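Below is one structure, written out as structure tokens, with a few remarks after it.
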Amino acid sequence: MGVLGIRHLPPTARLLRLPDGTTRTHGPLFLSERRPVPARRPAAADICPHTGRARLGYDRARVLLDKNAGLDLHQLRHSAATHLGEAEVPLQLIMGKTRHKNPRTALRYVKPGAEAIAKVTEYLAPSRRTH
């Protein structure tokens with residue numbers, strides 16, 4: 001098993017599955033191999049509540065993901081933003097999460113489907129009389 005615990009599993013399962021086979025629902029996504037020493041203990045949000053291991057730095061995660069799984073960490077970021085757009089999260093919140101300063105660059109993640117457009121159309125439609 002590699003540094004990220006990668007075997008023949010789907011990419012998401014590789015990153016969220018614990019050694020005992022259970023899955024994590026919160027905490028850092030990429031973890032270092034060892035627990036941090038007390039002198040370098042990061043913030044509580046940067047420690048996995050299940051394993052006690054610290055969040056892996058972005059550059060190290062990028063290198064390991066490319067080497068072990070052939071994945072691009074930046075593409076993972078785009079994928080997460082696209083899921084937010086599909087969930088009808090407002091553009092301002094997507095911009096905050098992705099740290100885009102210009103709405104034009106974040107608009108690529110907001111592609112409303114037919115269902116979302118129908119819902120907006122209902123807001124504009126005049127109310128129907130019942131008598």
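The values are calculated or read from the model by the stated rules, or taken from the named source; none is laboratory data. Not measured: the values here are computed from a predicted model. Here Cβ is always computed from backbone atoms with ideal geometry, including for glycine, and neighbour counts include all displayed protein chains. Note: areas computed on protein heavy atoms with side chains; ligands, DNA, RNA excluded. Shrake-Rupley method; radii C 1.70, N 1.55, O 1.52, S 1.80 Å.
Numbers below:
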{"item": "Amide H contacts under 5 Å for Leu31, placed H, 5+ residues apart", "result": "Leu56"}
{"item": "Fraction of accessible area attributable to carbon and sulfur, region 69-131 (%, probe 1.4 Å)", "result": "57"}
{"item": "Calculated FRET efficiency for the pair Leu93/Arg34, C-beta based, R₀ 35 Å, to 0.05", "result": "0.50"}
{"item": "Sequence of Ser127, Ser79, Ser32 when ordered by accessible area, the most exposed leading, probe 1.4 angstrom", "result": "Ser127, Ser79, Ser32"}
{"item": "Accessible surface, per residue, of region 80-131 when the full set of protein chains is kept, probe 1.4 Å, Å²", "result": "90"}
